[in-house]
Amino acid sequence: MKKAALLPRCSTCRQVPPEGIAGGLWIRGVFLCNRCLTALPSWTTDNVSYRTLKNSLDRLWRRPDWRCHLASGGRP
Ligand SMILES: [Zn+2]
């Protein structure tokens with residue numbers, strides 16, 4: 001049994017949070033760690049992390065206002 005395979009990996013920074021599943025948030029099949037969620041509102045469209053995340057989400061979620069939902073904790 002490889003327990004590490006069950007741990008989520010952040011789609012933006014590619015890190016596995018030490019808290020595991022509790023160290024981040026699943027959004028439509030994309031995992032984000034708390035560190036990236038905290039930094040998210042301050043990202044600009046030129047930020048490489050923003051672009052990485054956007055590319056990940058664009059395949060699943062084609063809404064231009066997706067970042068507003070993230071910033072408000074997933075509630076519209
Ligand atoms: Zn991250």
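The values are calculated or read from the model by the stated rules, or taken from the named source; none is laboratory data. None of these values were measured; they are calculated from a predicted model. Heads up, the Cβs are rebuilt from the backbone with ideal geometry, glycines too, and the neighbour counts pull from every protein chain shown.
Tabulated data
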quantity: Considering residues of segment 37-76 that are hydroxyl-bearing (Ser, Thr, Tyr) and not in a helix (DSSP H, G or I) only, the residue modelled with the highest pLDDT; calculated: THR44
quantity: Condition broken by GLN15, with the remaining ones in (1) at positive phi; (2) near the ligand (Cβ under 9 Å from one of its atoms) satisfied; calculated: (1)
quantity: Residue check, PRO18 surrounded by 11 or more Cβ atoms within 10 Å (Cβ to Cβ) and assigned to a loop (DSSP other than H, G, I, E, B); calculated: no
